[in-house]
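In what follows, a single structure is set out as C-alpha cells and then discussed.
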Amino acid sequence: MIVQFVEPTNIVDLYPLTLTRPAADLRCGILTLAEKWVFDLNLKREEWGYLPQLHLQHTGGSFNPVLGATMYIVGNILPNEPLVSAIQSLKGNESLWHEGSLIAATAGAYTLLTDAQFDMGNIVESAAFAAAAKNIEISVAKINRPFSLFVLNGKEIQNDFIRITANRDSGPLSNTNRILGEYPIFIEAGATIECSILNASEGPIYIGKNAQIMEGCMIRGPFAMCEGAVLKMGCKVYNATTLGPYSVAGGEISNVVFWGFSNKGHDGFLGNSVLGEWCNIGADTNSSNLKNTYDEVKVWNYTSQKFELSGQQFCGLIMGDHSKCGINTMFNTGTVVGVACNVFGAGFPRQFVPDFSWGGAQGFVTHTLDAVHKTAKLVMPRRQRKYTESDKRIIESVFGQWAKIP
C-alpha cells in the first residue's frame, strides 16, 4: 500500500495551523496524524506522502506527494484499530465513508471522486460514485478545529504511548526523582530527569530521546515530551500536555500542545492551548483559558471570518507558526494569533490577531516579509535547523493570501 494524505473539505477551519502544513502533519498526542497512520499501516518512508493545499505544493520541502499512490486517506482523521482494518479491506474503486464524510479511497475511487466533483481542493460525495461507497458505523475521531488538538490530546497521548512503547523496555530513572501512580513511565535513550515529581496516577508519562527535565519539575500524566524537548527548573505541568520536538517550557502549563521547536521558557500560565512551530512566548506572559462568566468560549474561524462558539468552556491561545509575543503579554480567553505575528505592549491584544501582524492592544500594522525572513534565519539555527528556500516560499505564499489588517 502506498498512501497519500489528502486535505479535508474543512481545511480552512484548521487555520492558522494548516496555513503552513497539511492537516495530517498536525500533532495530537505524541505523534503527528500522519505518523500514527504510518505506524498502524506499517509503511516505509517511501510509501507515503502528502497531497496538500496548492500553496504548499511544489515548494521543495517535506510536504511532497508520493508517486503511485494506491490509497488516499483524509488527513484530519485519527486512526483506530477498526478503522485501519476497514481501510486495509478496501478493494479497487472503493471508498470508505462515515456519516456522509469521506474517510479513505483507493486510487481508482479517488480519481472518480475528484473527476466527478472537485472544487478548490475539496472532495465532495457525488451521485456518480455512490455505488462504490462503503459506509461504516464505528467511532471516528477528527481534528475539525485547532482546539480539537488539545481536547483530544490526553487520550491520544495514551494511544501513542501504546504504539511507541509496546514490547520495549524503558530506560532507567534516577533515584533523585519521586514517582507516583500506577500508569507506566517510559524514558528513551539520552533523556535526563533529576529531582522532579512524576505523577502517573491519571495517565502515562513519555520522555523522548535526549529530552531534559531540570530540577524541581512537577508533572502529571498523561504527558509527553518528544525528542530534545526541555522542561525548565520548577516547571508545573498538568495533564494532557505535549512538548513537541526541541520545544522548551517553563512556568505553568496545562493541556497544551506544542507542535515543536517553540519556546515558553519562563514563568506565566498557558492552558488549553496549541502553539505551532518556532513560536516564542515572552517571560511572564499569561493566557486566560476560562471566561469570568464561565460561558462557552467563542473562537475566530477563518472560514466564516467571524467568532464562533467553540463548544468549549476552557480555551486559551491558538498560535500559528513563527509568531512571537513580548514579556508580560496578556491574552484573553480563546485568542487566535496567526502566522508570523509579533505581539507586544501593555493591555490585551484583540482576540484575533491576523497573520503577519506587528503590534498589540494599541493597534497593528502588517509585518514586512523581509523582517519575517530575517527573524526566522536567526531563530532556526538555535535548534540546529536552517531556514530553507522551501520555508521561505511557504511563508511568502501565505503572506500573499492572508497578510492584511481587517
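The values are calculated or read from the model by the stated rules, or taken from the named source; none is laboratory data. Please read all numbers here as calculations on a predicted model, not as lab measurements. In this analysis, Cβ positions are derived from the backbone assuming ideal geometry, glycine residues included, and neighbour counts consider all displayed protein chains.
How many residues does segment 218-244 hold that are crowded, with 23+ Cβ neighbours inside 10 Å and not β-branched (Val, Ile, Thr)?
Residues in segment 218-244 being crowded, with 23+ Cβ neighbours inside 10 Å and not β-branched (Val, Ile, Thr): 12 in total.
How many of the residues making up segment 200-215 are among the hydrophobic types (A, V, I, L, M, F, W, C) and in a loop (DSSP other than H, G, I, E, B)?
The total comes to 3.
Looking for whichever is modelled with pLDDT of 95 or more, farther than 12 Å from Met1 by Cα and of a type in the set (D, E, K, R) here; the options are Glu47, Glu35. Which one fits?
Going through Glu47, Glu35 in turn, just one is modelled with pLDDT of 95 or more, farther than 12 Å from Met1 by Cα and of a type in the set (D, E, K, R): Glu35.
On the given criteria, is Leu180 under 30 Å from Phe314 (Cα atoms), surrounded by 15 or more Cβ atoms within 10 Å (Cβ to Cβ) and of a type in the set (A, V, I, L, M, F, W, C)?
no
Check Val339, Val398 and return the single one that is touching a residue at least 60 places away in the same chain (Cβ under 8 Å), in the same structural domain as Gly311 (by TED's automatic domain parsing) and buried (at least 23 other Cβ atoms within 10 Å of the Cβ).
On inspection, the qualifying residue turns out to be Val339.
Considering only residues that are out of contact with any Ser or Thr (no Cβ under 7 Å at 6 or more places or on another chain), part of a loop (DSSP other than H, G, I, E, B) and of a type in the set (A, V, I, L, M), which ones fall in segment 229-243?
Residues satisfying the conditions are Met233, Ala240.
Name the single residue, out of those in segment 82-97 being surrounded by fewer than 19 Cβ atoms within 10 Å (Cβ to Cβ) and touching a residue at least 40 places away in the same chain (Cβ under 8 Å), that is farthest from the chain's Cα centre (by Cα).
Looking at the filtered set, the residue picked out is Glu94.
If you go through segment 377-387 one residue at a time, do you hit one that is over 25 Å from Glu227 (Cβ atoms), over 21 Å from the mean Cα position of the chain (by Cα) and outside the structural domain of Thr303 (by TED's automatic domain parsing)?
No: zero hits.
Quick check: anything in segment 68-80 without any contact (Cβ under 8 Å) to a residue 40 or more places away in the chain and in contact with a helix residue (DSSP H, G or I) (Cβ under 9 Å, 6 or more places away or on another chain)?
For segment 68-80, residues without any contact (Cβ under 8 Å) to a residue 40 or more places away in the chain and in contact with a helix residue (DSSP H, G or I) (Cβ under 9 Å, 6 or more places away or on another chain): absent.
Among the residues of segment 316-341, what is the count of those that are out of contact with any Cys (no Cβ under 6 Å at 6 or more places or on another chain), of a type in the set (Gly, Ala, Ser) and more than 26 Å from Asp370 (Cα to Cα)?
Within segment 316-341, residues that are out of contact with any Cys (no Cβ under 6 Å at 6 or more places or on another chain), of a type in the set (Gly, Ala, Ser) and more than 26 Å from Asp370 (Cα to Cα) number 1.
Sort out which residues of segment 261-270 are in a strand (DSSP E or B) and either touching a His at 6+ places or on another chain (Cβ under 9 Å) or buried (at least 22 other Cβ atoms within 10 Å of the Cβ) (or both), and write them in order of number.
The answer is Asn263, Lys264, Leu270.
Could you figure out which of (1) of a type outside the set (S, T, N, Q); (2) under 29 Å from Tyr387 (Cβ atoms); (3) part of a loop (DSSP other than H, G, I, E, B); (4) modelled with pLDDT of 95 or more isn't true of Ala24?
(3)
Using beta carbons and a limit of 6 Å, which pairs, at least six apart or on different chains, have the first residue in segment 212-238 and on the phi > 0 side of the Ramachandran plot and in the same structural domain as Glu188 (by TED's automatic domain parsing) and the second one among the hydroxyl-bearing types (Ser, Thr, Tyr) and buried (at least 22 other Cβ atoms within 10 Å of the Cβ)?
Sorted first by the residue in segment 212-238, then by its partner, the pairs are Gly228/Tyr246.
Go through segment 9-21 and report how many residues are in contact with a Lys or Arg (Cβ under 9 Å, 6 or more places away or on another chain) and modelled with pLDDT of 95 or more.
Number satisfying all stated conditions: 2.
Can you pull out the residues in segment 58-78 that are over 17 Å from Tyr15 (Cβ atoms) and in a loop (DSSP other than H, G, I, E, B)?
Hits for segment 58-78 are His58, Thr59, Gly60, Gly61, Ser62, Asn64, Pro65, Val66, Leu67, Gly68, Ala69, Thr70.
Among the residues of segment 342-375, which ones are among the small types (Gly, Ala, Ser) and surrounded by 19 or more Cβ atoms within 10 Å (Cβ to Cβ)?
Passing the criteria: Ser357, Gly359, Gly360.
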